Every structure is written in structure tokens, then in C-alpha cells.
1. With all protein chains present, how much of the accessible area of the range 131-239 (probe radius 1.4 Å) comes from carbon and sulfur, to the nearest whole percent?
2. Residue separation times 0.36 nm, minus the C-alpha to C-alpha distance between L117 and N140: what's the value?
3. ³J(HN,Hα) across the range 6-15 via Karplus (A = 6.51, B = -1.76, C = 1.60, θ = phi - 60°), whole Hz, x for Gly/Pro?
4. Work out the P(r) tail for the range 37-104: percent of alpha carbon pairs separated by more than 15 Å, whole number.
5. In debye to the nearest 20, how big a dipole does the range 23-95 give about its Cα centre with +1 on each Lys and Arg Cβ and -1 on each Asp and Glu Cβ?
6. Considering amide H positions built from the backbone, and no H for Pro or chain starts, which residues 5 or more places from V208, or on another chain, come under 5 Å of its amide H?
7. Over all alpha-carbon pairs of the chain, lay out the pair-distance distribution in 20 Å bins, whole %, shortest bin first.
8. Using only the Cα atoms of the range 59-186, what do you get for the radius of gyration and for Dmax, in Å?
Amino acid sequence: MTTTRLALALADGPPEGRFLVVGARGGDDLAPLDPARTDIQQGNFPDHRALSARGFSVAPLAQGRFDAALVILPRAKAAARAWIADAAGRLSPGAALWIDGQKTDGVDSLLRDLRGLGPVDEVHSKAHGKIFRVTVPSGNWLPADWSAHPHHVAPDFVTRPGVFSADGIDPGSALLASALPDRMPTRIVDLGAGWGWLASQALDRPGVEVIHLVEADHAALESARDNIRDPRAQFHWADVRDFALSQPVNGAIMNPPFHDGRAADPRIGGDFIAAAARLLTGAGRLWMVANRHLPYESALEQHFAHVREVAGNSRFKVFEATGANRGAARKGRR
């Protein structure tokens, strides 16, 4: 979203009453809005924290009803529809529901869909995107399948719209699981745990006494809670990059992301590697999968004394690393 489009939509000033914003990012320019009357629904932990620091009331799932709403579209179509259905369900007939999105996020397709379902006007185009207003009709005006429902992707596993690999087990995670040892360390952290499939594979092996699932996406973590009922699992809604534990672990597993929202940013994987090294004992082991083309070897060697590729194919590579905090980064400080 750009402030240009929001300013066009709200040219007469912020709407009266209680205003809901779904999907705002931490760096979005929300100058046309009044923080005192604006609630933001945001389940991504870093964005939630950044928006809270700016004085907005922020929650993973907003509560109550509102006088108007704005939905900023995500890339996943199922998530976009679910967010629209959720926002519409919190509004009274006649209320304004604004939709904002980039062309690359499917805003034109949703505009066509919504024109066939309710009154649409105030369409503004700017900066490779659109913002438009839907006047909420009475009754059940949206298709029932737009609402968010847990999706069964494997026996005993569900996901929610918009989470990573929502339609099935990620092939990189599957490769990593196949490379894990028959017996796991006693204390494990799963960094970027998603909806919990990889952690469940670790729990199926002997040795595990506790596993910490760390995930920034609240919807993914809620899915993981549904999927893992094992008392050894502890769930943390947090940013991996500054996550801390009271005691170090002796095992870490991860399939780190390499996108920040819409933008590819392989540096995130490097930050995950640094976090793993910080959380592990010196004798602990990291198992990590990455896309074959991503150059994580240097980051691993910066933070670990011993790094080797233990599995791989044309798409992915799996690393095992030991000797946390005894890599080149520490040697360079001596």
C-alpha cells in the first residue's frame, strides 16, 4: 500500500468512528488515519511490534465491531478472501469496506469479483495498484468459501490461509526431515516452525525432551498448536532474529524463509543462522535446508566451526553444522 492511494481514498479525512485495518506492514505510511480510532489486525510479529511502537492498537485478531475497514491485500488469494470476509463480518450494512492492493497481489481480480457481489465505487489507481470501496450489503453477500477454515493437508495436520506451504508439506522440509538422525538431541529449537510438520518429525524420533517452536506468523503458529499436542512442545510467537531462551539448546532445525513480505531477501537466512548459533551450545548441532541457489555456506562458516552438506538434490541442500560461535566471526574478533 502507498500513502498516495490511501490519501486519495480518504481525501476528506479519516473516517468517523472505529476503523479497522487488516494487513498493514510495520513501515506503511498510515498518516491519513487517526491512531486513537484505528485498530490494526496484524499477525506477523515484527510488523505487529513496529506498529505497536507507533502508537496503534494492534492484535493478531481484532475484537468487536467497527464502523469502517481497510484490507491491504496479501499475495495469497485464499488469505485475501479470508481477510475480506473477516473484515466484512465486523461491519454493519452500509459501512465502507476499502480494499487496497498491488496488481501483483491480484487486486484487479478481486475488484472484478467484488463488483459482482456488492456496490463498488471510489476506484483509485496509483503506483501499480488500486484502492476501492465496497458498500457492505445486508445479508450473506460473500461466498461461504471465502471465510477462513482450517485446511487438512496431511493426516492430522491443518493449515490456515496464507501460511507458508499451506497446501501441503514443503519439499525442502521433507528432505530435511529425511536427513535428521535416528536419535535427536534432548533440547531442540525449530526456527521458523511454520505449521509444525518439521517439529513433529523431530518429536517422532527418540531423545527429545523439549522442542521450542519459534514462528513469527501467528496463523501458522496457531496451526502448529492444532497439529502438535505433545507436552514436550513449547510455542513462541516471536521474531527468530532476536529470540532468546533462558537456557541454550543442543539441537536446532530450520527451513528459513528468504522473502520479507513481497520482496526476496536472502539475508534473512543469514540472520536465522546467526540466531541458531546464539541459541546453541558449543557441542550442539544445527540441521538446515535451503534452496540450492542460496549462498548460505559463508554465513554458516562465519558462525560454526564445522559445516557439511549431508543431503541434497537439484532444488535443495541440507547442512549439518557444529561448533556454534567458533566460526570465522569469532576468529576475526580475536
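The values are calculated or read from the model by the stated rules, or taken from the named source; none is laboratory data. Small disclaimer: the values here were computed from a predicted structure and weren't measured. We place every Cβ from the backbone using ideal geometry, glycine too, and count neighbours over all the protein chains shown. Side chains included, ligands, DNA and RNA excluded: accessible areas come from the protein's heavy atoms. Shrake-Rupley method; radii C 1.70, N 1.55, O 1.52, S 1.80 Å.
1. C and S fraction of accessible area: 49 percent.
2. 7.3 nm
3. With coefficients 6.51, -1.76 and 1.60, one gets 5, 5, 5, 5, 10, 4, 8, x, x, x Hz.
4. The calculated P(r) of the range 37-104 puts 55 percent of pairs beyond 15 Å.
5. On the way: 9 positive and 7 negative charges, 48 e Å.
Dipole about the Cα centre, nearest 20: 240 debye.
6. M184
7. 30, 50, 20, 0
8. Computed over the Cα atoms of the range 59-186, radius of gyration and Dmax are 18.5, 60 Å.
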